[in-house]
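The values are calculated or read from the model by the stated rules, or taken from the named source; none is laboratory data. Only a predicted model underlies this, so the values are computations on that prediction, with no experimental measurement involved. Because the Cβ atoms are built from the backbone with ideal geometry, glycine has one as well, and the counts that use them run over all protein chains shown.
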Amino acid sequence: MLRVTHFMRHPSNSSYSIERLFEDIRGNLTQNIKVSVVINRFESRGFLNRILDSLRVVKFQGDVNHITGDVHYLTYFLRSRRTLLTIHDCVSLDERLKGLRKWIFWLLWYWVPARRCALISVISESTRLQVLKYTGCHADKVRVVPDFVFEEFKFQPRIFRIHCPRILHVGTKLNKNLERHASALEGISCKMVIIGKLLEQQETALVRHGITYENYIDITREEVVRHYMQSDLLLFASTYEGFGLPILEAQAVGRPVVTSQIWSMPEVAGESACLVDPYDIESIRAGVQRVIHDENYRNDLIRQGLENVKRFRVGVVAEQYAILYREIARENLQ
């Protein structure tokens, strides 16, 4: 029996994707892998809280210690040769931080943790290249294990509303590119369905460009699925994504996707989405209009999307994690 410990961040009302991902992975691992779950006592804020949780988790170590994401500092005192660290993205280094704050974050969140683990898993090849750049690790240490689409996202055909499509927009962080999307949709008869709390400048942009929209905050997973099924297309032309799970969620229910031609999004979408330049409003606009008005193209995207999601099923991903667990355990027996 291989004993694995999943170390999880402190739960948050606004973030649950990592928790749900690994809950489903645990349910699909082989029976000879027994997983215990350890949840941080504190949110990842401040030096003291992080150190206290780092010290506390030492007593819960297994044959393999898997830090599942967003709490990289838990590596500090664990047995490094038994530790797998999952890094979901490098967005703070790429997009958000500058100067001294960026250097400190890089050192404590990436460079040190990368040296305190046996292997690193990342969710896309795009993220892998970023992790290699920022950590200087040997290429073989960083492995790609993708995210997967949840089982509740099932194919649900619908007649496309050409004259006023419902355009789903998932997320309102700055990298989700909502303001450019609003500009691109100006003059197009449609309704945006936006999931996530709107910033004041985003609301202003929606009004300025005459966008009709609905906004939903803190909704259940069931409600999220319902909005996918009630939508006609997903607009997900982000400026940055470590993976881009909404692409697969939309494709799984049979909705065409307009997404970005940069970072991980082409990798996730394959040939099954309309790829646009997220910084070019006219490119976004042209992509949306093509999906709306070209029925053959739209139907091809739906058909190809249903094929694409087969690559990202939970059983396949769970087995990829199991392979890493066995590799780490085997190395510790030598």
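Answer yes or no as to whether Ser238 is modelled with pLDDT of 95 or more, outside any helix (DSSP H, G or I) and within 18 Å of Val149 (Cα to Cα). It would help to see each step written out before you state the result.
Values: modelled with pLDDT of 95 or more: yes; outside any helix (DSSP H, G or I): yes; within 18 Å of Val149 (Cα to Cα): no.
So Ser238 does not fit the description; no.
Taking the stated definitions as given, is Ser80 at pLDDT below 95 and among the hydroxyl-bearing types (Ser, Thr, Tyr)? Please lay out each step first, then the result.
Numbers: at pLDDT below 95: no; among the hydroxyl-bearing types (Ser, Thr, Tyr): yes.
It is false that Ser80 is at pLDDT below 95 and among the hydroxyl-bearing types (Ser, Thr, Tyr).
Scan segment 286-298 and tell me whether some residue there is touching a strand residue (DSSP E or B) at 6+ places or on another chain (Cβ under 6 Å), part of a strand (DSSP E or B) and within 26 Å of Arg226 (Cβ to Cβ).
If we filter segment 286-298 for residues that are touching a strand residue (DSSP E or B) at 6+ places or on another chain (Cβ under 6 Å), which is where we start, we get 287-288, 291.
Narrowing the set further to residues that are part of a strand (DSSP E or B) leaves none.
No, every residue in segment 286-298 fails to be touching a strand residue (DSSP E or B) at 6+ places or on another chain (Cβ under 6 Å), part of a strand (DSSP E or B) and within 26 Å of Arg226 (Cβ to Cβ).
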Conditions: (1) hydrophobic (A, V, I, L, M, F, W, C); (2) in a helix (DSSP H, G or I); (3) in contact with an Asp or Glu (Cβ under 9 Å, 6 or more places away or on another chain); (4) surrounded by fewer than 18 Cβ atoms within 10 Å (Cβ to Cβ). Phe42 meets all but one. Number of the miss?
(2)
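Being surrounded by 13 or more Cβ atoms within 10 Å (Cβ to Cβ), part of a loop (DSSP other than H, G, I, E, B) and in contact with a helix residue (DSSP H, G or I) (Cβ under 9 Å, 6 or more places away or on another chain) narrows it down to one residue among Leu206, Leu168, Leu198, Leu132; which is it? Break it down stepwise before answering.
Values: Leu206 fails: part of a loop (DSSP other than H, G, I, E, B); Leu168 fails: part of a loop (DSSP other than H, G, I, E, B); Leu132 fails: part of a loop (DSSP other than H, G, I, E, B).
When all the criteria are applied, what remains is Leu198.
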(1) in a helix (DSSP H, G or I); (2) modelled with pLDDT under 95; (3) of a type outside the set (Ser, Thr, Tyr): which one isn't true of Ile219, the others all being true?
(1)
Just to check your reading of the model, which residue among Leu108, Leu93, Leu100 is out of contact with any Phe, Trp or Tyr (no Cβ under 9 Å at 6 or more places or on another chain) and either in a helix (DSSP H, G or I) or within 22 Å of Glu241 (Cα to Cα) (or both)?
Leu100
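I'd like to check something: does segment 172-191 contain any residue that is basic (Lys, Arg), at pLDDT below 95 and either surrounded by 21 or more Cβ atoms within 10 Å (Cβ to Cβ) or not assigned by TED's automatic domain parsing to the domain that holds Ala118 (or both)? Can you show your working first?
To start, the set of residues in segment 172-191 that are basic (Lys, Arg) comprises 173, 176, 180, 191.
Next, only the ones that are at pLDDT below 95 stay: 173.
Add one more test, that the residue is either surrounded by 21 or more Cβ atoms within 10 Å (Cβ to Cβ) or not assigned by TED's automatic domain parsing to the domain that holds Ala118 (or both), and what stays is 173.
Within segment 172-191, one or more residues are basic (Lys, Arg), at pLDDT below 95 and either surrounded by 21 or more Cβ atoms within 10 Å (Cβ to Cβ) or not assigned by TED's automatic domain parsing to the domain that holds Ala118 (or both).
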